[in-house]
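Here's the structure, in structure tokens; my notes come after.
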Amino acid sequence: MLHSDDLLQQVYPRRSSRMKMQRLALILYSLMVLTPLRSNAESENGTLFFSTQQLVAQIEFTEEPKLNIESAWTLRFAESQEDLKSKSLVEPDFDIEVKLWMSGCGPKGGHPSAPVKIQRISRGTYDISQAYFIMSGTWDIVIALRERDSKKLVDIVTKQVSIK
Ligand SMILES: [Cu+2]
């Protein structure tokens, strides 16, 4: 049987090589996202620690994660756990990226879900909605900080959720 990529190459040679580039970019991006991801840990009460910044984050679900139903949460940033508790929040000086990622699944070793909606509410407070966990298993909620101009990755934390 002809592999579908080979078939595409014959029918659409230029389009296929562009698809390969896109695939390569996706793999490189996954590596970039997943490599630093293993080093940071979530504390028992759910605080997420950014290792390169004096910054912590907290996820408070407003719609608990469930299979194929929209999930939503409030994402808050502060300089310390104490500040999170007292809601003395800070606005990170970075672009904030939120993604859903399922690792160890599929031929490429992982895959995203559809982009979530990120809406800034107030200082250090964001509403995240339209988050869909499209398979059962363990998902990573990945929060990345990027330089505003260069979009260079500054730091990354993850929260794991288990979807039944
Ligand atoms: Cu999956």
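Any read-out appearing in this document is the output of simple, stated calculations on the displayed coordinates, not a laboratory observation. These figures come from a predicted structure and were not determined experimentally.
Averaging the sequence gap over all C-alpha pairs within less than 8 Å and six or more residues apart, then dividing by the number of residues, gives segment 96-138 a relative contact order of 32 percent.
Stretched out straight at 0.36 nm per residue, the stretch from Lys164 to Ser86 would grow longer than its current Cα-Cα span by 24.8 nm.
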